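One structure is given here, and the rest of the page talks about it.
The values are calculated or read from the model by the stated rules, or taken from the named source; none is laboratory data. Keep in mind it's a predicted model, so treat the numbers as computed, not measured. Every residue, glycine among them, receives a Cβ derived from its backbone with ideal geometry; neighbour counts consider all protein chains shown. Each accessible area value is taken on the protein alone, full model and side chains, heavy atoms only, with ligands, DNA and RNA left out. Shrake-Rupley method; radii C 1.70, N 1.55, O 1.52, S 1.80 Å.
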Amino acid sequence: MLNIRRSNNILLCSLFFLTALISSNVWCNTDRFIIVGSGMAGAMEAYHAFLDAKKNNQSLCITMYEQNKSLGDTTVSNIAPSLTPDEILSVVPRGQELVKKIQILFSEPGGIRVDDVRGIQGTRATEQFQQQAQLYSMDEVGHNQRTQCLLELGKMSMDMWQKLYEDADAELKEILKSSNFNACYEPTTKGPRSLCNGYRIDLIYNVSNAKARALSMKQDYESLGYNQCALLTPDQVTALDPFLADFCNAHSTKNNGQLEWNHDAIALWRPGGCLDAQVFLPKLYAYLTKHMGTYTNAQGKIENRFQIKFGTKITGLDFAHTNNGQTIISQLHAQNGQTVNLVDQHGATSQCVFCPGESVGTMKNLGLQEPAYAGFAGASLMFTIDIPKSKMLSCAKFRHCMEVHQEGVVLAWQARFRDNKIFIAVAGTKAFYSDRKPNKNEDFAKNRNLLQLNMVNDVLPEFISWALERDTKGQTLTERDLSILEDKGIVTRWAGTRAVVYDGFPTLGCVYTQDHNKIANARCTTHLGSGGVSFAPAAIAISRSAFDKQDNINSFAQTVLRYADSTRSV
Ligand SMILES: Cc1cc2nc3c(=O)[nH]c(=O)nc-3n(C[C@H](O)[C@H](O)[C@H](O)COP(=O)(O)OP(=O)(O)OC[C@H]3O[C@@H](n4cnc5c(N)ncnc54)[C@H](O)[C@@H]3O)c2cc1C
């Protein structure tokens, strides 16, 4: 008997006639793949499914369901993704630290509280998250093991991004290049340092004992096998990147003819890359549409094998049991009334992967298990600045890929000469938002965007001076300056979410009903926190292996899958 049950636990019906149709091993024999969520996790799921189908000569169709109306609304289109092996660490403060930080306003040192948004404090989602995070913090050994595992996963993902580029055809290589793709890797040749060759400059300033911070980062990267890290002098920074001369002069003092960093500033040569996902994502989807081709559907209509259905929020699932006892998802229901059948009239069952990212709580709302979750808000600022004619030539070489650190703030930073203008994108900062979605007009985003504007002015005062049409070097910029830039269309402000669970580990692999039945035709790849772009390739690889035979999964993947299990709790 095939029982079909809707996820809100109402028993709908028993469909005897489908029983015989559903094949017994539903994971292996699909040629239709459904992805919920079109962010970076969804994108990497789609690309790897496409590669597999190509290798196996399989005629695959991929359909993505995305609640947003366009890709421009998706998180990665609004940030400046840095690619690093440790990007995912440290979003969730530990135990008592979490309790303490939640009491401190986001704009105070170490604070993450927001006061102007309802539905954050005292809700069930917040209580569950805090309770689990506190219990988890008592397991120091377990936490250290997970942190080490995440660093190794990060290293694996950096290698996979690099391989993705090396194995790409000429068209995809060009897409990556135009998306400011810089891989993070250990250069194979020893020679003078050069930018955009696996390593980059990170700036640290207004941080007491900046040198100790940089040395501790250096130690972490060396433990992962990145051996070319070094502290850079102001003169070395300027020689590598003349566009940083203003910053170096402002944060150093001349001693015996040489510039020396002030005690609260330093620069670190470290492994790191970046990707402009605002450019990359639409181009990757266009590439998949083109290369996967078309087919003729049952009604005789020609359809693309790769499709994204925008404005389609999945809000319900029907579960069914096959005659050999497996539980499957038989239908997805969308808010707009659309129904997606995962079992066709011949009994072929489609596979489905949930990549809901920022929408924490989606799996739980769909009737699947989800560990205690929360969103940590972040803000971004993007500039497009006209270049005076006389400066056009010198700006053509401008290209930044770095992170800029202040006390309690790390900004992922990409900037470059793009379409004859200066393009600068910075993203970072943090506040606890539970399961609420942040909005750019709330206090957090307004305040952090102003901080970001000032940090950009600290590093690149010449460009901000062009934008504000006055000399801004050494000045503290105000809310009014920010709104002038916004009104002129020079700056775009944005606030969004990092999706996490209580232990800061992603959730990957098998999904389960609330009554603990493993679903045979669905997985998840989600909760990638602050590192979803960096970690997407490795997270997808591990998530995809969840249905492999145990003997075929290496011990590292087994460990990751155990930590990442969607039924976990402390
Ligand atoms: C300020 C900030 C800075 C960051 N900087 C970096 C960085 O430098 N490097 C880095 O690696 N990462 C960074 N991140 C993290 C990164 O953006 C995320 O980890 C990544 O976007 C997660 O990708 P995802 O595909 O899992 O989720 P998302 O990007 O959130 O995408 C999920 C998609 O699923 C859709 N969706 C959800 N539920 C449904 C549903 N029920 N039906 C249909 N569609 C649905 C959503 O609309 C969304 O488009 C940053 C994040 C922030 C907020």
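At a Förster distance of 25 Å, what's the computed FRET efficiency of Glu140 paired with Ile104, Cβ-Cβ distance as r, to 0.05? It comes out at approximately 0.60. Taking N as the residue count of region 320-418, its C-alpha radius of gyration divided by 2.2 N^0.38 Å amounts to 1.91.
Against the criterion of solvent-accessible heavy-atom surface with a 1.4 angstrom probe, His321, His516 sort, most first, into His516, His321.
Label-to-label distance for Lys55 and Asn336 is 3.4 nm, based on points extended 7 Å past Cα in the beta-carbon direction. When Arg94, Arg568 are compared by accessible surface with a 1.4 Å probe, the order from highest to lowest is Arg94, Arg568. Over all other residues within a Cβ to Cβ distance under 12 Å of Phe106, the charged ones net out to 0, with Lys and Arg as +1 and Asp and Glu as -1.
Between Glu222 and Lys437, the contour length at 0.36 nm per residue exceeds the alpha carbon distance by 73.7 nm. Dividing the convex hull volume of the alpha carbon atoms of region 199-271 by its residue count gives 80 Å³ per residue. In the complete set of protein chains, residue-level accessible area for Phe181 is approximately 20 Å², probe 1.4 angstrom.
Annotation: amide H-H contacts under 5 Å for His400 (H modelled 1.01 Å from N, sequence separation of 5 or more, or interchain): Ala415, Arg416. For region 451-483, GluC sites (Glu not before Pro) meeting the loop criterion (DSSP other than H, G, I, E, B) and having at most 15 other Cβ atoms within 10 Å: Glu469. Loop-located trypsin sites (Lys or Arg not before Pro) in region 250-335 (DSSP state other than H, G, I, E, B) with a sparse environment of at most 11 neighbouring Cβ atoms within 10 Å: Lys301. Multiplying the residue separation of Asn249 and Ser194 by 0.36 nm and removing their Cα-Cα distance gives an extension gain of 17.7 nm. Once the Kirkwood radius over Cα pairs is known for region 478-570, the Stokes-Einstein relation at 10 °C and 1.306 mPa s delivers a diffusion coefficient of 102 µm²/s. Centre-to-centre, using Cα atoms only, region 477-492 and region 171-189 are separated by 33 Å.
The lysines within cross-link reach of Lys446, meaning a Cα-to-Cα straight distance under 26 Å and a gap of 8 or more places when in the same chain, are Lys69, Lys100, Lys101, Lys421, Lys430, Lys437, Lys473, Lys488.
Could you work out the local net charge near Lys397, counting Lys and Arg as +1, Asp and Glu as -1, over the other residues with Cβ closer than 11 Å to its Cβ? Computed value for this residue: +1. Distance from the alpha carbon centroid of region 35-56 to that of region 347-405 works out to 18 angstrom. Heavy-atom accessible surface of Phe383, to the nearest 10 Å², is about 0 Å², with a 1.4 Å probe and all protein chains retained. For region 262-351, the equivalent ellipsoid built from the Cα gyration tensor has semi-axes of 41, 22, 14 Å, listed from largest to smallest.
A Förster radius of 60 Å combined with the Cβ-Cβ distance from Ala212 to Lys290 puts the calculated FRET efficiency at roughly 0.75. Each label was represented as a point 7 Å from its Cα along the Cα-to-Cβ direction; for Asn323 and Lys473 these points are 8.1 nm apart.
On the principal axes of its alpha carbon atoms, the chain extends 86, 51, 48 Å, with the longest extent given first. In order along region 339-344, the Karplus-derived 3J(HN,Hα) couplings, from 6.51 cos²θ - 1.76 cosθ + 1.60 at θ = phi - 60°, round to 10, 10, 7, 9, 10, 8 Hz, and Gly and Pro are given as x.
Just from its helices, what would the mean residue ellipticity at 222 nm be for the chain, if runs of 4 or more DSSP H residues each count -39500 (n - 2.57) and the sum is divided by every residue, rounded to the nearest 500 deg cm²/dmol?
Mean residue ellipticity, 222 nm, calculated: -10000 deg cm²/dmol.
Using the per-residue mean of other Cβ atoms lying within 10 Å as a proxy for protection, in what order, highest first, do the peptides 123-130, 450-457, 470-477 fall?
450-457, 123-130, 470-477
For Trp494, the solvent-accessible surface with a 1.4 Å probe is about 40 Å², rounded to the nearest 10.
A simple packing score, the average count of other Cβ atoms within 10 Å per residue, orders the peptides 342-354, 188-200, 226-238 as 342-354, 226-238, 188-200, with the highest score first. Placing Met217, Met160 in order of accessible area, with the largest value first and a 1.4 Å probe, yields Met160, Met217.
Within the chain, which whole H helices from DSSP have a Cα span along their axis of at least 30 Å and a mean Kyte-Doolittle hydropathy of 0.5 or more, if any?
None clear 30 Å together with a mean of 0.5.
Here the calculated FRET efficiency for Glu486 and Leu393, from their Cβ-Cβ distance with R0 = 30 Å, stands at 0.55, rounded to the nearest 0.05. The value obtained for region 376-524, namely the Cα convex hull volume divided by the number of residues, is 157 Å³ per residue.
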